[in-house]
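Asks: This is the structure, below, for whatever I ask next.
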Amino acid sequence: TTPIPMAAIVLFLIGTGVLVRAGMLGLGFWRIRRYRHTSTLVPGAFENLQRRLGVAADFYISSDVPGPVTFGFFRPAIFMPAIFIQESCARNESIACHELVHVRRRDWLFTVAEECILSLFWFHPAMWWLVAEIQMAREEAVDREVVVLLNTREQYLESLLKLAAAKAGFDLIPASPFLRKRHLKRRVASLLKEVSMSKLRLRSSMAVFTAALVLSAWLGVRSFPLQAAPQEKSGKIDAPGVAVQPSPVAVVHRTPVAYPKEALAKRIQGTVVVEVSLTATGTVSDARVLSGPEELRKAALQSVLQWHFSADSQLSAKTQVTVDFHLPEPEPASIRPVPAPSTAPAAEDFPVVDRVVLLVPESLKQRLQSRLTVREGDRLTEAAFNELSAAVRDVDEHLNINLQGGSTSGERRSSVVVISLPDSVAPVLPPRIRVGGNVQAVNLIRKVTPVYPPLAKQARIQGVVRFTVVIGKDGAIQDVQVVTGHPLLVSSAQSAVWQWQYKPTLLNGEPVDVITTVDVNFTLSPDPDAVPQ
């Protein structure tokens, strides 16, 4: 019997998947038709809202849909579950406004087009990701438009969370559902950030997504017949000094052979012969070195084990590969680049500004603060110091600038910049040291547990919020800066950390300021009264 080519099998599987997806899409249209016949029309529903938006749609009450869903172009239909008739009018209005905005934007046509594209390219992961991103961008745009129209962000967020508890569905029908649970976290976070999306930005995003979609479809078509073109066996893809001799069995794909650095340093060259065992499909099942210098064997063997040979050959299941290693010709001295001598110090050699202390009268302090050219965290290079000196002299030519040692972390040096009058004595400032979060946690004597935000708990949001904290010499918190964390969790965690108290940290017997990191972990558990760790 003649074996079936692998390309034919793959094309058959892809075609079968396209037919299955097309059948599912047809089933979705049938379900839409069924909903229209089994639902109850509500005449005159939300007339004022429809006139305000300039659209017209039929509202139906259906016991078959778990959440609001919209479809149709010439006769748009919006289906609402019976449970929402019993809800408050404000919630009904926010849900209806969301669906009417979809009608005004003609989003149903885009949804059908996306489902057709996924039916054709169901095998391509990039297509699923792109369509999901397009749907997410569309829902975020509609959310922001509804909030602007109704001027009620809290009520709309409550509607999202209310529907999150309902059964999610509609993935098999070409329609725009009000809520997909996998989108909930991003949509809530986007609404809380209050980021506005202009028409220009939305159109630009859609243009980028469309271009990426077309490019991905083109690449999917170009990938057939899913067989790589044979690569050259002359050694052009290998390292300098390495050449692969043609083998009895044609090579379909191979990885380059590298010249080992140790062999180059020892000036070792020679020929390595490898015996290769092949499977029926042409892949390498085993390989062993027959001859060649020991320093060169490993490089040749590692490469050959990843090769792919032709499966059409009727030759033996074993073949030999010959790899020649020749020391590359040295580069002519006349064209070798001569590095220019460098005497200038690198930026890492200069200290970092730890603090800027102003020991001057209040009238001068305000003028100096507006003219300072360095800030905490800047590198105090020679140019930066000269620029600072010029700025200080412009304010008062009698002012002095002194540098004192600051904190030290590993090889990182820092300095404290002290600006004072000539008759002032610049004090030796205690350093501010950095301590790891786990080490400093031992000195924590009072820890206030943050309250889990109700909105984050309803949205099932959890995770770690990290802060950079400055602890004063008395152990009290002086500054709390957010590093990472979800927006819904940051405020509660920050309020709690401000109330923490540590033991004073001593350096040479004197209390010092400490910079450290603090992690606050919010974890959901089956217990509804659980608190974050």
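The values are calculated or read from the model by the stated rules, or taken from the named source; none is laboratory data. Worth saying up front: this structure is predicted, and the values here are computed from it rather than measured. All Cβ positions, glycine included, derive from the backbone under ideal geometry; neighbour counts span all protein chains shown. For the accessible areas, the whole protein counts, side chains as well, though only heavy atoms, and no ligand, DNA or RNA atoms are used. Shrake-Rupley method; radii C 1.70, N 1.55, O 1.52, S 1.80 Å.
Asks: Sort out for me the helices (runs of 4 or more DSSP H) sitting completely within segment 87-181 that have 1 or more residues that are aliphatic (A, V, I, L, M) and modelled with pLDDT of 80 or more. If you could, list the steps in order and put the result at the bottom.
Replies: Numbers: elements: 89-104, 107-120, 125-150, 153-164.
Passing ranges, in order: 89-104, 107-120, 125-150.
Asks: Restricting to segment 272-294, what's the tally of residues that are closer than 11 Å to Phe325 by Cα and either part of a loop (DSSP other than H, G, I, E, B) or open to solvent by 60 Å² or more (accessible area, probe 1.4 Å) (or both)?
Replies: Going through segment 272-294 one residue at a time, the tally reaches 2.
Asks: Something else now. Could you check segment 437-456 and list, in sequence order, the residues that are of a type outside the set (A, V, I, L, M, F, W, C), crowded, with 17+ Cβ neighbours inside 10 Å and within 29 Å of Gln155 (Cα to Cα)? Quick ask: steps written out before the conclusion?
Replies: So in segment 437-456, the residues of a type outside the set (A, V, I, L, M, F, W, C) come out as 437-438, 440, 443, 446-447, 449-450, 452-454.
Now restrict to residues that are crowded, with 17+ Cβ neighbours inside 10 Å: 440, 450, 452-453.
Within segment 437-456, Pro450, Tyr452, Pro453 qualify.
Asks: Is it the case, given these coordinates, that Ala56 is in contact (Cβ under 8 Å) with a residue 60 or more places away in the chain, among the hydrophobic types (A, V, I, L, M, F, W, C) and surrounded by 12 or more Cβ atoms within 10 Å (Cβ to Cβ)? Can you show your working first?
Replies: Values: in contact (Cβ under 8 Å) with a residue 60 or more places away in the chain: no; among the hydrophobic types (A, V, I, L, M, F, W, C): yes; surrounded by 12 or more Cβ atoms within 10 Å (Cβ to Cβ): yes.
So Ala56 does not fit the description; no.
Asks: Out of Val531, Val512, Val518, Val497, which single residue is modelled with pLDDT under 90, aliphatic (A, V, I, L, M) and open to solvent by less than 60 Å² (accessible area, probe 1.4 Å)?
Replies: Val512
Asks: Please go through segment 368-385 and pick out each residue that is loosely packed, with under 14 Cβ neighbours inside 10 Å and in contact with an Asp or Glu (Cβ under 8 Å, 6 or more places away or on another chain).
Replies: Within segment 368-385, Arg371, Glu376 meet the criteria.
Asks: Additional query: Would you point out the residue of segment 1-33, among those that are of a type in the set (Lys, Arg) and in contact (Cβ under 8 Å) with a residue 24 or more places away in the chain, that is nearest to Pro81 (Cα to Cα)? First the steps, then the outcome.
Replies: Applying the first criterion (of a type in the set (Lys, Arg)) to segment 1-33 yields 21, 31, 33.
Then drop every residue that is not in contact (Cβ under 8 Å) with a residue 24 or more places away in the chain, which leaves 21, 31.
Numbers: Arg21: 28, Arg31: 16 Å.
Going through the qualifying residues, I end up with Arg31.
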